[in-house]
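In what follows, a structure is listed as structure tokens, so that the remarks can point back to it.
Quick note: the coordinates plus some simple rules give every number you see, no bench work behind them. Note that the structure is predicted; figures quoted are calculated from it, not measured. Positions of Cβ are backbone-derived with ideal geometry, glycine not excepted, and every protein chain shown enters the neighbour counts.
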């Protein structure tokens with residue numbers, strides 16, 4: 001079972017503590033019209049990665065894909081200059097960020113494209129994607145074109161065994177995403193539903209967890225959507241209900257203003273601020289280790 005990073009194979013025992021949903025280079029400004037979302041402050045991000053390694057994080061799962069401004073060369077630069085292990089993704093995001101190829105190509109053609117990036121390499125390199133993601137739905141709805149993307153992801157998962165990581169707009173449609181993917185025979189234990197902490201409702205979380213999926217509390221520190229204290233309480237509740245093996249953590253940094261040097265929270269917020277909140281809720285160090293280390297390791301491993 002192999003885990004591929006931008007610098008080659010990462011042995012599972014060396015994966016270490018992992019942020020499961022991040023961006024190291026991103027450009028959503030074409031659609032959003034906001035230069036802050038051209039996330040290209042590479043030098044600052046390298047500095048933050050060096051600091052994050054000092055805080056004990058070893059690996060970043062990079063969720064930028066086609067239509068989001070993915071830039072393999074810049075991501076490799078961040079990894080090489082900071083020493084941070086980085087895992088790449090492949091796939092298509094959500095409307096209105098989907099590239100024209102999604103509507104113009106057949107499902108089988110796009111499955112072939114994503115499968116090539118997973119089994120052979122990205123953009124003519126030997127760097128393989130390890131994750132199908134982030135694939136997304138709009139607020140409260142999966143549009144027909146987004147359904148096509150989810151079918152492409154499901155068929156690529158069946159072909160390769162690669163895990164699927166999703167985007168839920170404001171935390172909505174997670175159950176619907178799982179039901180759709182399940183219809184194609186996807187192993188739901190290999191599906192990570194993103195941004196569930198933007199919709200902190202206990203029964204909603206339990207519905208997804210009871211289906212066997214992984215829940216990503218991955219917008220930690222984004223306080224305009226909800227408090228970290230509430231996020232911590234909902235994680236504690238899921239652990240109480242027996243779902244410790246189905247939680248991963250991250251921050252989903254996407255704007256230059258999120259960086260510490262620009263007055264933002266910085267990538268270290270999860271470790272420096274959020275972990276103490278979990279401890280205050282009675283979540284133990286071993287449970288924190290599972291969420292940051294064991295769960296990512298299990299999800300990312302796949303048979304060749």
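By what distance, in whole Å, do the Cα atoms of region 150-219 stretch along each of the three principal axes, largest value first?
Principal axes ranked by extent give 33, 21, 15 Å for the Cα atoms.
Can you tell me the length gained on complete extension of the stretch residue 201 to residue 261, counting 0.36 nm per residue apart and subtracting the Cα distance?
Extra length from residue 201 to residue 261 when fully extended: 18.2 nm.
With viscosity set to 1.306 mPa s and temperature to 10 °C, compute the Stokes-Einstein D of region 1-77, Rh being the Kirkwood radius across alpha carbon pairs; µm²/s, no decimals.
Value of D from the Cα-based Kirkwood radius: 117 µm²/s.
Per DSSP H run of n ≥ 4, the term is -39500 (n - 2.57); total these for the chain, divide by its residue number, and report the mean residue ellipticity at 222 nm rounded to 500 deg cm²/dmol.
Dividing the helical sum by the residues of the chain leaves -10500 deg cm²/dmol.
Just report the Cα centroid separation between region 1-30 and region 251-300, whole Å.
15 Å
Which number do you get for Rg(Cα) / (2.2 N^0.38 Å) in region 71-197?
Taking N as the residue count of region 71-197, the ratio is 1.04.
State, as an integer percentage, the relative contact order of region 149-304 based on alpha-carbon contacts under 8 Å between residues 6 or more apart.
20 percent
Which one, 135, 152, 275, has the greatest fluctuation when you compute a Gaussian network model over the chain with C-alpha springs under 10 angstrom?
Among 135, 152, 275, the largest GNM mean-square fluctuation belongs to 275.
Determine how many Å³ per residue the convex hull of the Cα atoms of region 90-300 encloses.
128 Å³
With a cut-off of 8 Å between alpha carbons and a minimum separation of six or more residues, what is the relative contact order of region 92-141 in percent?
This gives 42 percent for region 92-141.
Arranged from highest to lowest average of other beta-carbon atoms within 10 Å per residue, in what order do the peptides 223-233, 195-205 appear?
Final packing ranking: 195-205, 223-233.
Using 7 Å Cα-to-Cβ label points, what is the residue 240/residue 108 separation (nm, one decimal)?
Result for the modelled spin labels: 5.2 nm.
Averaging sequence separations of C-alpha pairs under 8 Å and six or more residues apart, then dividing by the length of the chain, give the relative contact order as a whole percent.
20 percent
I need 59, 172 ordered by Cβ neighbour count within 10 Å, fewest first.
So the ranking, lowest neighbour count to highest, is 172, 59.
If I model a spin label as a point 7 Å beyond the Cα along the Cα-Cβ vector, how far apart are those points for residue 179 and residue 120 in nm?
Taking the simple label geometry, residue 179 and residue 120 are separated by 3.8 nm.
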